[in-house]
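Everything below concerns the one structure shown next.
The values are calculated or read from the model by the stated rules, or taken from the named source; none is laboratory data. Fair warning: this is a prediction, and the values are worked out from it, not measured in the lab. All Cβ positions, glycine included, derive from the backbone under ideal geometry; neighbour counts span all protein chains shown. With ligands, DNA and RNA removed, areas are computed over all heavy atoms of the protein, side chains included. Shrake-Rupley method; radii C 1.70, N 1.55, O 1.52, S 1.80 Å.
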Amino acid sequence: MSLIKDLDSILTGMNSVAIGGHIRPDGDCVGSTLATYNYLKKYYPNIEVKLFLQPIQDYFRFLNLSSDITWDLSEDKVFDLFIVLDCGDADRLGDSKKYLEKARHTACIDHHVSNSGFADLEFIYPEASSTCELVYELMDKSKVDKDIAECLYVGMVHDTGVFQYSCTSKKTMCYAGELMDKGIDYSKIVNDTFFAKTFNENRALGHALDKSRLYLDGKVVSSVFYLSEMEEYGIKPSELDSVVSNLLRTKGVEVSIFMYEVAPGELKVSTRSKGKVNVAELCMRHGGGGHERAAGCSCRKSYEDGLNEFLDELREQI
Ligand SMILES: [Mn+2]
């Protein structure tokens, strides 16, 4: 295992490179892989490069060369180098892992605390806000053009909750400022990829907030959404992603809980904390997991019974 000095140094002598990220790619995963892909396409035209990712959200499609992303894994190819980005575990690559296993060289650029160290070349810093921050650090900054800057900015915005979460550092802000200098439409990027919602999503969010109730002297807020309501509002469960963080904005609240039905009799539980309560521990006791301030699990009881269990456990901590 050795440390990556810069991106250019690991590309010299390579004829074929594969780039991959985690399954169900988020903004940082899409941004870091596409930034690297654009860099190779522009400055290393002689390298054959492939970018393997599962289908991405429509709002990331404005990024340059996003249409080159493929999940066609039928070719039996041995790449000179496989670059893994924003992925702490080889299994989270999904089926593209087979190219990693056969590649002559492997590199990993990542910021997950849990990274198991599976590549020959590494650049892993859990304190970094995003993988995009690390990718920018490894690139020759004079070669970062507007297309690459847009990709990197998307990743930083998404993994910091628009520069809000505690992972945001002075360095993050400095890098973001340098990317703004490349002429990107930073305001549009934030709105279109992070805040914008469909009309139905917004109406459903309003309904979920309207149904919310306070518990434990106003320290916990909770709401629920059933399949019948999703049908009524014309939305999918994945379009309720922002409800739980919106609930947490309630003044005086320490923990927000949002449950939504994913199949008859099965609720998905999503929790957020402002910091006093470790919701990862709470969800782990119910077979789930996550981070201290954002975690989830499943519930096969009624909403009322499930919520009462959580409240009993939270009562001691709050
Ligand atoms: Mn990330």
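Some values worked out for this structure:
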read-out: Accessible area of segment 2-195 divided out per residue, in Å², using a probe of 1.4 angstrom; value: 43
read-out: No Cys partner within the rule (Cβ under 4.7 Å), the chain; value: Cys29, Cys87, Cys108, Cys132, Cys151, Cys167, Cys174, Cys299
read-out: Rh (Kirkwood; distinct C-alpha pairs) - segment 101-173, Å; value: 13.2
read-out: Normalised contact order of the chain, rounded percent, pairs of Cα under 8 Å and 6 or more residues apart; value: 12
read-out: Residue-span extension gain [Asn278 to Lys301] - 0.36 nm each, minus C-alpha spacing; value: 6.0 nm
read-out: Carbon + sulfur, % of accessible area of the chain - ligands and nucleic acids excluded, 1.4 Å; value: 48
read-out: Segment 247-317 - Rg and Dmax from Cα coordinates, angstrom; value: 11.4, 33
read-out: Share of Cα-Cα pairs in segment 192-318 lying beyond 17 Å, as whole percent; value: 54
read-out: Gyration tensor (Cα) of segment 1-107, equivalent ellipsoid semi-axes in angstrom; value: 19, 16, 14
read-out: Subset of Lys50/Lys182; Lys141/Lys171; Lys211/Lys276; Lys141/Lys197; Lys171/Lys251; Lys50/Lys97 violating a 22 Å alpha-carbon distance limit; value: Lys50/Lys182; Lys211/Lys276; Lys141/Lys197; Lys171/Lys251
read-out: Accessible area in square angstrom per residue, segment 199-317, 1.4 angstrom probe; value: 52
read-out: Restricting segment 168-217 to chymotrypsin sites (Phe, Trp or Tyr not before Pro) in coil, as DSSP defines it, with at most 10 other Cβ within 10 Å; value: none
read-out: The chain: Cα Rg divided by the 2.2 N^0.38 Å rule of thumb; value: 1.07
